[in-house]
Amino acid sequence: MTIDMITTHLLLVFFSVLLTIIFGVPLGVVAYIFPKARKIILKVVEVLQTVPALALLGVIMVFLGPDRATVIIGLFAYSLLPVVLNTYTGLVEVDPAVKEAAKGIGMTKINRLFLVELPLALPLIFSGVRLAIVTSVGVAVFGAFVGGGGLGSVIYESIRVSNMKLLLQSTAVLIVMAVGFDFVMSKIEKQMNKKLTGNSVD
Amino acid sequence: MIDFQNVRKSYDDTKVLKGINLNIKDGEFAVLIGPSGCGKTTTLKTINRLIEPDSGKIYIDGQDISTFDPVKLRRSVGYVIQQIGLFPNMTVEENIGIVPKLLKYEEKEIDKIVHEMLEIAEMDYDEYAHKYPYEMSGGQQQRVGVLRALAASPPIVLMDEPFGALDPVTRTTLQNEIVELQKKLKKTIVFVTHDMDEAIKIADNIVFMDEGEIIQVASPEEMLTNPKNDLIRSFMGDRSSDIENQPQVVDDFMYTNISTAYPDYSFKKAIGLMARKKVDTLIVKDRDETFLGVVMIKDINHKLKSGEKSTIGSLIRTDIPTAYSNTNAEESFNELMESEYDYIVVLRANNTLAGIVTQTNIAKSLANAVWGE
């Protein structure tokens, strides 16, 4: 196990989650604004996450070959659900009084979305991103099978040669990574909630 | 001026507004009231087009509002709601400045407006401007809600039960403030409430609605004395009867258990009587009950010191204010307030003694009229 492998693992997670945010948040917004698109979008992202991760990576590999891009796209598709769903839910759950006030004082739909609704949905969206990251850290392990490298290849190798010390080391790094992201981002999320409501709701 | 012409609205089979015709003048404080489901809030929301009528027209200053861009219309009409609806992601300053910001005012201008607005509500800029809504009490939040509605100087402000969720003390304070504000800023205010006390307190005109129709439009006084139907009367509660039974003549206030004396009482007897009754004056009457005047203890003491022994008949003062029992109460109150005596003697038509009205009587009666028995 080298620093390089850890970095690769982190980069796989980083780029896939970046894609998730870039596509997931707008998809959530579209689901919120257009009731007709809602069912389709939510269903598709749900199915994507229901498909076993390895199967999903396999399917993508058929088209893209064994490559890091395959892993990134796989992770992206796999972690869309929490971001899309939380964006949608966050927007729907904005206090109706606030929405009415926003409309009543003369905000356009776009004004409402960017000045009020998205800022208020932000903690929940952030929570979705946190879930996406934590999931991706784990799922990226499968990346080793489709040419992604990262910690997955170390774990696979140490199992193959029964190197228990290396297995423990690599899984420990993985656990620290997932728990660490979760811990830090939960803290940030609480701060965001506190700023809006005065309560640090989990 | 806001002019409703035959405005109708239905949801499915339910007719919510059955042809509203209403005229609200510039600078008028109009309060829409009625039982729930009467259409008062629907009527209010047609003014800023949050609800579009099925038929009929609404004109603001002669212009049909259905031809306006709804967003522009709403930016020119203030809007305050019961749930307050401040934006939790914005500070007080940003909340107040939001409409000017939407209207693309310059930063400096917005800043000036925010300062002015906070000043109107007597909220210290340094203390409040950078607070978030959750950091304030409900009352303070709704003050900011009102300021947000006023910030872009809209000539019309719509208020949908704005004080309904506040505690009674805060509600009273904010009611007083909005009345003051309206006098100062001369806004046209359309205010929805289900609380008749509130309506009577703040309205120039009360618009009473029931089942999608306007039943009566009248000033609070007119509606109190002349409610158009039983429903309005019941909404008024006991107040209408209060007005009918309000004491109108001095007879209603009169105190009849009084200390009297005859003019032939000796000084000693009069003083003894005063001591027993714990009073400092006696009302002197004839044997046939005709009122003669009053005797005061200080006059008797004065004579006693100079060694005179006589009857009180020589000390009768006749300058005490008197009234007949059917005299208009207000008139005699005024006389009492200006008099050096603290009561008025009430006489029957034949000048016999009926009773007295003291300042305490008046205070009690006023208290009853205001707070109930």
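So, B:Y59, is that one assigned by TED's automatic domain parsing to the domain that holds B:Q216 and either out of contact with any Asp or Glu (no Cβ under 7 Å at 6 or more places or on another chain) or aliphatic (A, V, I, L, M) (or both) or not? So that I can check it myself, show each step before the final result.
Values: assigned by TED's automatic domain parsing to the domain that holds B:Q216: yes; either out of contact with any Asp or Glu (no Cβ under 7 Å at 6 or more places or on another chain) or aliphatic (A, V, I, L, M) (or both): no.
When the stated conditions are applied, B:Y59 does not pass them.
On the given criteria, is B:S66 within 11 Å of chain A (Cβ to nearest Cβ), among the hydroxyl-bearing types (S, T, Y) and more than 26 Å from the chain's Cα centre (by Cα)? Here the answer is no, as B:S66 does not meet what is asked.
Determine whether B:Q140 is under 31 Å from the mean Cα position of the chain (by Cα), buried (at least 17 other Cβ atoms within 10 Å of the Cβ) and more than 9 Å from chain A (Cβ to nearest Cβ). Break it down stepwise before answering.
Numbers: under 31 Å from the mean Cα position of the chain (by Cα): yes; buried (at least 17 other Cβ atoms within 10 Å of the Cβ): yes; more than 9 Å from chain A (Cβ to nearest Cβ): yes.
The answer is yes for B:Q140.
Residues that are touching a residue at least 60 places away in the same chain (Cβ under 8 Å) and farther than 23 Å from A:N193 by Cα within the stretch B:111-148 comprise B:I120, B:V146, B:R148, listed in sequence order.
Checking B:Y128, B:Y134, B:Y79, B:Y105 one by one, the residue that is facing chain A (nearest Cβ under 8 Å) and surrounded by 15 or more Cβ atoms within 10 Å (Cβ to Cβ) is B:Y79 and no other.
Do we find a residue being over 24 Å from the mean Cα position of the chain (by Cα), within 14 Å of chain A (Cβ to nearest Cβ) and of a type outside the set (V, I, T) anywhere in the stretch B:7-25? For the stretch B:7-25, residues over 24 Å from the mean Cα position of the chain (by Cα), within 14 Å of chain A (Cβ to nearest Cβ) and of a type outside the set (V, I, T): absent.
Just so you know, in the stretch B:336-356 the residues that are outside any strand (DSSP E or B) and under 30 Å from the mean Cα position of the chain (by Cα) include one that is surrounded by the most Cβ atoms within 10 Å (Cβ to Cβ), and it is B:L336.
Please work out which residue is nearest to the other protein chains (Cβ to nearest Cβ), limiting yourself to the stretch B:146-170 and to residues that are part of a helix (DSSP H, G or I) and within 17 Å of B:I47 (Cα to Cα).
Residues of the stretch B:146-170 that are part of a helix (DSSP H, G or I), as a first pass: B:146-150, B:168-170.
From what is left, the residues that are within 17 Å of B:I47 (Cα to Cα) are B:149-150.
Working: B:A149: 7, B:L150: 11 Å.
So the residue we want is B:A149.
Checking each residue in the stretch B:318-337 for being over 19 Å from B:M296 (Cα atoms) and either out of contact with any helix residue (DSSP H, G or I) (no Cβ under 7 Å at 6 or more places or on another chain) or among the hydrophobic types (A, V, I, L, M, F, W, C) (or both) picks out B:A323, B:Y324, B:N328, B:A329, B:E330, B:E331, B:F333, B:N334, B:E335, B:M337.
Please work out if B:K40 is under 30 Å from B:G139 (Cα atoms) and within 14 Å of chain A (Cβ to nearest Cβ).
Working: under 30 Å from B:G139 (Cα atoms): yes; within 14 Å of chain A (Cβ to nearest Cβ): no.
In short, no.
Among the residues of the stretch A:92-129, those identified as within 8 Å of chain B (Cβ to nearest Cβ) and not in a helix (DSSP H, G or I) are A:D95, A:I105, A:G106, A:M107, A:T108. Consider B:F333 against the criteria (1) assigned to a strand (DSSP E or B); (2) at pLDDT below 85: it satisfies all of them except one. Which criterion is unmet? With (1) assigned to a strand (DSSP E or B); (2) at pLDDT below 85 applied to B:F333, the lone miss is (1).
To keep it simple, each residue is scored yes or no on (1) basic (K, R); (2) touching a residue at least 12 places away in the same chain (Cβ under 8 Å); (3) surrounded by 15 or more Cβ atoms within 10 Å (Cβ to Cβ).
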position: B:K9; (1), (2), (3): yes, yes, yes
position: B:T14; (1), (2), (3): no, no, no
position: B:N23; (1), (2), (3): no, yes, no
position: B:C38; (1), (2), (3): no, yes, yes
position: B:K45; (1), (2), (3): yes, yes, yes
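One residue is enough: does the stretch B:213-225 have a residue meeting the conditions in contact (Cβ under 8 Å) with a residue 24 or more places away in the chain and either exposed (fewer than 13 other Cβ atoms within 10 Å of the Cβ) or in a loop (DSSP other than H, G, I, E, B) (or both)? No - not one qualifying residue is present in the stretch B:213-225. If you go through the stretch B:43-63 and pick out every residue that is away from every other protein chain (no Cβ under 14 Å) and out of contact with any Lys or Arg (no Cβ under 6 Å at 6 or more places or on another chain), you end up with 8. Within the stretch A:145-160, restricting attention to residues that are over 22 Å from the mean Cα position of the chain (by Cα) and of a type outside the set (S, T, N, Q), which residue is surrounded by the fewest Cβ atoms within 10 Å (Cβ to Cβ)? Residue satisfying both the conditions and the ranking: A:R160. For B:T327, the criteria (1) modelled with pLDDT under 80; (2) closer than 25 Å to B:S266 by Cα hold in every case but one, which is (2). Only one entry in B:A165, B:A121, B:A199 is in contact with a strand residue (DSSP E or B) (Cβ under 8 Å, 6 or more places away or on another chain) and either surrounded by fewer than 17 Cβ atoms within 10 Å (Cβ to Cβ) or not charged (D, E, K, R) (or both), namely B:A199. The residue list B:S259, B:S266 contains one member that is in contact with a helix residue (DSSP H, G or I) (Cβ under 6 Å, 6 or more places away or on another chain) and surrounded by fewer than 19 Cβ atoms within 10 Å (Cβ to Cβ), which is B:S259. So, B:L118, is that one out of contact with any His (no Cβ under 8 Å at 6 or more places or on another chain), farther than 23 Å from B:K25 by Cβ, facing chain A (nearest Cβ under 9 Å) and of a type in the set (A, V, I, L, M, F, W, C) or not? The answer is no for B:L118. Among B:I96, B:I84, which is the only one that is on the phi > 0 side of the Ramachandran plot and within 13 Å of another protein chain (Cβ to nearest Cβ)? That would be B:I84, the only listed residue that is on the phi > 0 side of the Ramachandran plot and within 13 Å of another protein chain (Cβ to nearest Cβ). Evaluating A:T135 against the criteria (1) closer than 19 Å to A:L12 by Cβ; (2) more than 21 Å from the chain's Cα centre (by Cα) leaves one unmet condition, (2).
Just for the stretch B:55-77: of the residues that are without any contact (Cβ under 8 Å) to a residue 40 or more places away in the chain and of a type in the set (K, R), which one is nearest to B:G27 (Cα to Cα)? Give the steps one after another, and end with the answer.
Of the residues in the stretch B:55-77, the ones without any contact (Cβ under 8 Å) to a residue 40 or more places away in the chain are B:63-74.
Imposing the further condition that a residue be of a type in the set (K, R) reduces the set to B:72, B:74.
On the way: B:K72: 21, B:R74: 19 Å.
By that ranking, first place goes to B:R74.
The values are calculated or read from the model by the stated rules, or taken from the named source; none is laboratory data. The structure displayed is predicted, hence computed values, not measured ones. Backbone-built Cβ (ideal geometry, glycine too); neighbour counts: all protein chains shown.
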